[in-house]
Amino acid sequence: MEITETPRTPAERKRRLLERLEREQDVWVATADGAGVPCLVALWFVWDGRALWVSTRLTNPTGRNLREAGRARVAFGDTRDVVLVDGEVDAFPAPKAPEAAVAGLRAKYGWDPRGDSASYAFYRIRPRTVQAYRGEHEMRGRFLMRDGAWVV
């Protein structure tokens, strides 16, 4: 494959990223347990302007890993339009979930995990590092956030 596109500016990458955080339906959430065994699942999410919110069962591997490890990698896009978010995780049992997170999932998907028969929790993923790129020609400048602060 020959690259013919001009690399996007960092400001354009951030603008596009923020649009996608509002528009995308699913994200891949990667976690690992204490022994380093990886787990990768697709989850619905909501972006509140500062963090991604997901919900999954307390007892499944992803729920345990998010709660116990306190970190995750989130990805969306294909290999031609990648977004990677490394973040710190805070867990909230369903009864203690912030109403804004619950309302966000309800508005976006018509789903309130608290009404499900299984035991769900909410997880806030606060970005520490964000990368966005569309191939090798955009590897330089791919970091839009470092140490939890936008660099763009």
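Observations
- Centroid-to-centroid separation of segment 56-70 and segment 99-152 [C-alpha atoms, Å]: 16
- Label zone at SER119, where the point sits 7 Å out along the Cα-to-Cβ direction: segment 55-90 residues whose backbone N lies under 15 Å: 56-65, 67-68
- Stretch in the chain that is longest and holds no GluC sites (Glu not before Pro) that DSSP places in a loop and that have at most 11 other beta carbons within 10 Å: 6-152
- Averaged per residue, the chain has 55 square angstrom of accessible surface, using a 1.4 angstrom probe with ligands and nucleic acids left out.
- For segment 116-152, applying the loop criterion from DSSP together with a ceiling of 10 other beta carbons within 10 Å to the trypsin sites (Lys or Arg not before Pro) yields ARG140.
- Cleavage-rule hits (trypsin sites (Lys or Arg not before Pro)) in segment 1-54: DSSP loop, at most 14 neighbouring Cβ within 10 angstrom: ARG50
- Choice from ALA91, ALA32, ALA118 showing the highest fluctuation, given a GNM over the chain with Cα pairs closer than 10 Å: ALA118
- Ligands, DNA and RNA left out, the 1.4 Å accessible surface of segment 1-138 is 52% carbon and sulfur atoms.
The values are calculated or read from the model by the stated rules, or taken from the named source; none is laboratory data. Everything quoted here is computed from the prediction, not taken from an experiment. Note that we place each Cβ from the backbone using ideal geometry, even for glycine, and neighbour counts take in every protein chain shown. SASA here: full protein model, heavy atoms, side chains in, ligands and nucleic acids out. Shrake-Rupley method; radii C 1.70, N 1.55, O 1.52, S 1.80 Å.
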